[in-house]
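The values are calculated or read from the model by the stated rules, or taken from the named source; none is laboratory data. Everything quoted here is computed from the prediction, not taken from an experiment. Positions of Cβ are generated from backbone atoms using ideal geometry, with glycine treated the same way; all protein chains shown enter the neighbour counts. Ligands, DNA and RNA are stripped out before the accessible areas are found, and what is left, the full protein with its side chains, is counted by its heavy atoms. Shrake-Rupley method; radii C 1.70, N 1.55, O 1.52, S 1.80 Å.
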Amino acid sequence: MKVWRYLVVSLVVAALMGVFAFHTAGLLPEGAQLPTHFDGAGRADRYANALYALLMPAGLVAGLGLVGAIGPAIEPLQEKLEGLAHLLRVVWIGML
């Protein structure tokens with residue numbers, strides 16, 4: 001399964017998210033904290049530094065892109081993987 005195009009798109013999106021995170025963090029006041037976790041009632045119960053909280057999604061996109069690229073390469077049943085290529089692409093794009 002050829003995944004390089006999807007990996008490049010994922011990394012470009014992650015880079016754009018990183019640029020947005022740095023830009024947005026620069027606009028916030030020094031020491032700003034953003035919520036990163038919410039309880040069942042929807043109240044924020046965990047906070048993080050603004051830059052860290054804004055870079056988290058970019059890191060997750062980059063990490064999922066790398067997992068999506070490495071996963072098919074190490075799959076032992078390569079002959080069966082081609083039949084699932086369309087599904088894997090849809091899942092990758094959906095996660096992105």
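Structure values in brief
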item	result
Phe22 - accessible surface, heavy atoms, 1.4 Å probe, Å² rounded to 10	130 Å²
Nearest-10 value in Å² for the accessible area of Val3, using the 1.4 Å probe	10 Å²
Cβ-derived FRET efficiency at R0 30 Å, Asp39 paired with Leu66, nearest 0.05	0.45
Ranked order, Lys80, Lys2 - accessible area, probe 1.4 Å, largest first	Lys2, Lys80
Solvent exposure ordering (accessible area, 1.4 Å, most first) of Arg89, Arg43	Arg43, Arg89
Sulfur and carbon atoms: percent of accessible area, the stretch 41-80 [1.4 Å]	67 percent
Solvent exposure ordering (accessible area, 1.4 Å, most first) of Asp45, Asp39	Asp45, Asp39
Tilt relative to the chain, helix 85-95 - C-alpha long axis, 0 to 90 degrees, to 10	0 degrees
The stretch 4-29 versus the stretch 55-90: alpha-carbon centroid distance in Å	20 Å
Per-residue SASA entry for Ile74, accessible area with 1.4 Å probe, Å² rounded to 10	120 Å²
Mean ellipticity per residue at 222 nm, deg cm²/dmol - from DSSP H runs of n ≥ 4 across the chain, formula -39500 (n - 2.57)	-22000 deg cm²/dmol
Spacing of the two label points (7 Å from each Cα toward its C-beta) at Glu75 and Leu16, in nm	2.7 nm
Size of charge dipole - the stretch 1-86 - debye, nearest 20, with Cβ of Lys, Arg +1 and Asp, Glu -1, no other charges	120 debye
